[in-house]
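Enquirer: Below you'll find the structure I mean.
The values are calculated or read from the model by the stated rules, or taken from the named source; none is laboratory data. If you're wondering where the values come from, they're calculated on a predicted model, not measured in any experiment. Reconstructed Cβ throughout: ideal geometry from the backbone, glycine too, with neighbour counts over all protein chains shown.
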Amino acid sequence: MMDKLKIKSYIKKYEIIISSVLVIIFVVILSVVMLIPNFQKANQLHKNHKDLKSTYSRLEQKDATLSSLDEQYFRDTFPKINNVLPSSKDYYLLFETFDNLQSKTGISISRTDFQLGIVSTNSALLNKPTEWGAYEMPISFEVTGTIEQLRMFMLALTDLSGRLITLENAQIDVRAGGSVRAVLNGQTYFYPLPKTIGKVDSPLPELSKESADILTLIDKQQTVIAGGDEQEAIPVGRKNLFSNL
Amino acid sequence: MPKKTINLIINLQEDTPLVKRLKLFLPLISLSSLIIFIILYAVSLIYIRSNFSNYNLLEKQTEVLEKKVSSVKSTEGIYTTTVGILNIISSLSVNTATIMPDIFLEVYNLQSPGVVVNNASIDQKGDVFMTVTTSNLDSLDTIIERLKEKEEFQKRFINTRSQGVTRDTDGVYKMNVTFQIKPQSGI
């Protein structure tokens, strides 16, 4: 009985302090349970909004660029670009380039050597690409012609009129009558096409001035050799020898 | 009997200074913290509600734009692939620009009446090894002077060295020369 009275008297004496502390504790609990999660939610929302805004802006830019592109022009010039840097080793194109160079410069290519073997197949492991992203294919060839023809031939290897071939060294023999025989060693390149083009909101690569100039030059320099489906129809005989039709 | 007095009033005990201070400040703190909590909570709710509707609107617009961009995937594909290949061709053209036609011409133009460049080995770095044949001593002197002029005056050749001169029985001089050609500016 006495204890109860004592407790009551203490509570009465310190009631202001006790009620203030209770309010403070209540506010702290509510802050932890309700206020801080709200702040975190608001922060997350702000971050998401910012990311979404930047995605939207990228998409807007991409949409504007794609709408302004002349798709047909790129489709028409792509085979010509592929002639310069094909997606595979494409030995046929290499021989075609040599044929064109011979007829253009007048030089005579008497021998060509290039890498064959396991790296001829697409399924085999490719060599590591160069620092510029394309794969190298060493090549060596022997040519005969005049001085001017050899010089024109060397220039034509990198004039983007055919497959890009860069030279590393040359051994030249000057013969009587002003003709030269040269053994040229160099590299040609190929670049396997990418399998994916990236996510829908990934930015478009920029066509720099240098690349645009190269595209114009390739378009001007090249004539695309017609494919097999444009061959002339070969006349054939009767399907049935016993019929007049 | 004498009167006896009983004091029923309990003396009021004075609060300690600490208790006095607590009684003064704690109510203020509790009230202000409650008010601050209410204000902050209300602001956070308003912020979340308004931004949520903006976010939803932006999300819908983004979805529409994504669909539009996806519908022209073929254009994107051809453009991206073309630009990728062109960038590589551009890098290859710049970094592997050939100076060999120029070197070849420089070497060939060393020839003159009586001086013949029989063979030459040239590389992309500009290193040249050549064999020169001259019909007489004057022609040999001519080619040596030309090489000196190229190195000392025109500054086109570097480290010109002769590997040795031989003379055949028919009076023809043969000389092996090595030098390096400086690429011209712009190449």
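Enquirer: Checking residue B:55 against (1) at the interface with chain A (Cβ under 7 Å from one of its Cβ atoms); (2) under 51 Å from the mean Cα position of the chain (by Cα); (3) within 30 Å of residue A:29 (Cα to Cα); (4) at pLDDT below 95: exactly one of these is not met. Which one?
Expert: So the condition that residue B:55 fails would be (3).
Enquirer: From the list B:75, B:169, B:178, B:81, which residue is touching a residue at least 12 places away in the same chain (Cβ under 8 Å) and either outside any strand (DSSP E or B) or surrounded by fewer than 19 Cβ atoms within 10 Å (Cβ to Cβ) (or both)?
Expert: After applying the criteria, what remains is B:178.
Enquirer: Does residue A:180 fit the bill of being facing chain B (nearest Cβ under 10 Å), surrounded by 14 or more Cβ atoms within 10 Å (Cβ to Cβ) and either at negative phi or not in a helix (DSSP H, G or I) (or both)?
Expert: It is true that residue A:180 is facing chain B (nearest Cβ under 10 Å), surrounded by 14 or more Cβ atoms within 10 Å (Cβ to Cβ) and either at negative phi or not in a helix (DSSP H, G or I) (or both).
Enquirer: Of the numbered conditions (1) more than 7 Å from chain A (Cβ to nearest Cβ); (2) at pLDDT below 90; (3) surrounded by 16 or more Cβ atoms within 10 Å (Cβ to Cβ), residue B:119 satisfies every one except a single condition; which is it?
Expert: Here residue B:119 clears every test but (1).
Enquirer: While we're on this one: Pull out all pairs, ordered by first then second residue, where Cβ-Cβ is under 9 Å, the residues are six or more apart or on different chains, the first lies in the stretch A:84-98 and is within 14 Å of another protein chain (Cβ to nearest Cβ) and more than 19 Å from residue A:108 (Cα to Cα), and the second is part of a loop (DSSP other than H, G, I, E, B) and among the aromatic types (Phe, Trp, Tyr).
Expert: Once the first residue is within 14 Å of another protein chain (Cβ to nearest Cβ) and more than 19 Å from residue A:108 (Cα to Cα) and sits in the stretch A:84-98, its partners that are part of a loop (DSSP other than H, G, I, E, B) and among the aromatic types (Phe, Trp, Tyr) give A:85/A:191; A:86/A:191; A:87/A:191.
Enquirer: For the stretch B:81-116, how many residues are under 18 Å from residue B:156 (Cα atoms) and either within 7 Å of chain A (Cβ to nearest Cβ) or touching a His at 6+ places or on another chain (Cβ under 9 Å) (or both)?
Expert: 6
Enquirer: Within the stretch B:132-153, can one find any residue that is surrounded by 15 or more Cβ atoms within 10 Å (Cβ to Cβ), under 26 Å from residue A:168 (Cβ atoms) and among the aliphatic types (A, V, I, L, M)?
Expert: Yes, the stretch B:132-153 contains at least one residue that is surrounded by 15 or more Cβ atoms within 10 Å (Cβ to Cβ), under 26 Å from residue A:168 (Cβ atoms) and among the aliphatic types (A, V, I, L, M).
Enquirer: Also, I was wondering about something else. Exactly one condition in (1) among the polar types (S, T, N, Q); (2) at pLDDT 90 or above; (3) over 24 Å from residue A:199 (Cβ atoms) is not met by residue B:11; state its number.
Expert: (2) is the only condition that residue B:11 fails.
Enquirer: List the residue pairs whose Cβ atoms are under 7 Å apart, where the first residue sits in the stretch B:20-41 and is more than 8 Å from chain A (Cβ to nearest Cβ), the second is part of a helix (DSSP H, G or I) and surrounded by 11 or more Cβ atoms within 10 Å (Cβ to Cβ), and the two are 6 or more positions apart or on different chains.
Expert: From the stretch B:20-41, no pairs qualify.
Enquirer: Go through the residues of the stretch A:18-26 one by one and say whether even a single one is under 27 Å from residue B:50 (Cβ atoms) and either surrounded by 11 or more Cβ atoms within 10 Å (Cβ to Cβ) or under 40 Å from the mean Cα position of the chain (by Cα) (or both).
Expert: No; the residues of the stretch A:18-26 include none that is under 27 Å from residue B:50 (Cβ atoms) and either surrounded by 11 or more Cβ atoms within 10 Å (Cβ to Cβ) or under 40 Å from the mean Cα position of the chain (by Cα) (or both).
Enquirer: Quick check on the stretch A:135-148. Is at least one of its residues touching a residue at least 40 places away in the same chain (Cβ under 8 Å), crowded, with 16+ Cβ neighbours inside 10 Å and at the interface with chain B (Cβ under 8 Å from one of its Cβ atoms)?
Expert: There is no residue in the stretch A:135-148 that is touching a residue at least 40 places away in the same chain (Cβ under 8 Å), crowded, with 16+ Cβ neighbours inside 10 Å and at the interface with chain B (Cβ under 8 Å from one of its Cβ atoms).
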